Amino acid sequence: MTGTLVYVMGPSGSGKDSLIAYVRKSINVSYAQTWSSAVHTRKGLRPIFFSRRYITRPANAGEERHYRLTREEFRFRKNSGGFALSWESHGLCYGISSEIDMRLAVGAIVVVNGSREYLPEATKKYPALVPVLVSARPDVLRERLEKRGRENAKDIDERLGSAVMKLPDIPGLIELDNSGAFEEAGRKFSDIFLRLRRETATQKKEKRGT
């Protein structure tokens, strides 16, 4: 595979969904068709593909755009090889479509909304992935979780407890604090993708020059 998998993770309330939505808009790419856009190829830029997750949760719950599946549908899709990555967390099942392998094979930058717990497994399958950890202060996390109104007090305490999870030592980990102004975090998040694109353009120029 010649593409780059960007694995975004972080505790509930850290703002992963909002940041992913922000970078889609800020770099002016379409949600699912950018990977084949000829304009990016002409500019020497790799296309970017944002993979939408499959979740056993109502499609209108929360900010994240996702595909809703029942547990039976999820199990069938997983057993039939429909997921490149899949895990369970807080009573829900999450899956990333196996189509990301096709995007990676043609050199795209693929962005997935991942899980910290599942990172070791994801790294085994995609050793060259770029891990991005989005975090926020505990008081900020609590405020955001209470405001979104999706969990009760007990669930919120449980999610805050898991927010302090220690990650394994993963080379190249990028950490982004989203406790303050969202625009600042959004700019830093966008810079990750702009840097990946510039690196690709530079590599192509160097290759042509040899």
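Quickly run through segment 9-22 and pick out the residues that are among the small types (Gly, Ala, Ser), buried (at least 19 other Cβ atoms within 10 Å of the Cβ) and modelled with pLDDT of 85 or more. Walk me through it before giving the result.
The initial filter retains those residues of segment 9-22 that are among the small types (Gly, Ala, Ser), namely 10, 12-15, 18, 21.
Next cut, buried (at least 19 other Cβ atoms within 10 Å of the Cβ) only: 10, 12-15.
Hits for segment 9-22 are Gly10, Gly13, Ser14, Gly15.
Scan (1) of a type outside the set (Ser, Thr, Tyr); (2) surrounded by 13 or more Cβ atoms within 10 Å (Cβ to Cβ); (3) modelled with pLDDT of 85 or more for the single condition Ala181 breaks and write down its number.
The one condition Ala181 does not meet is (2).
Provide a single number: the residues in segment 131-140 that are more than 19 Å from Ala21 (Cβ to Cβ) and surrounded by 17 or more Cβ atoms within 10 Å (Cβ to Cβ). Please lay out each step first, then the result.
Quick first cut of segment 131-140, residues more than 19 Å from Ala21 (Cβ to Cβ) only: 131, 137-139.
Cutting the leftovers down to surrounded by 17 or more Cβ atoms within 10 Å (Cβ to Cβ) gives us 131.
So the answer is 1.
How many residues are in contact with a helix residue (DSSP H, G or I) (Cβ under 8 Å, 6 or more places away or on another chain), acidic (Asp, Glu) and outside any loop (DSSP other than H, G, I, E, B) if we restrict to segment 120-179?
Number of matching residues: 2.
Could you grab me the full set of residues in segment 161-198 that are touching a residue at least 40 places away in the same chain (Cβ under 8 Å) and over 23 Å from Val23 (Cβ atoms)?
Scanning segment 161-198 gives Ser162, Met165, Pro168.
For segment 42-62, enumerate the residues that are of a type outside the set (A, V, I, L, M, F, W, C) and at pLDDT below 80.
So in segment 42-62, the residues of a type outside the set (A, V, I, L, M, F, W, C) come out as 42-44, 46-47, 51-54, 56-58, 60, 62.
Those that are of a type outside the set (A, V, I, L, M, F, W, C) and at pLDDT below 80: Arg42, Lys43, Gly44, Arg46, Pro58, Asn60, Gly62.
Within segment 23-41, count every residue that is modelled with pLDDT of 50 or more, under 19 Å from Val112 (Cβ atoms) and of a type in the set (S, T, N, Q).
Of the residues in segment 23-41, 1 are modelled with pLDDT of 50 or more, under 19 Å from Val112 (Cβ atoms) and of a type in the set (S, T, N, Q).
The values are calculated or read from the model by the stated rules, or taken from the named source; none is laboratory data. Because the structure is a prediction, the values reported are computed rather than measured. Note that each Cβ is placed from the backbone with ideal geometry, even for glycine, and that neighbours are counted across all protein chains shown.
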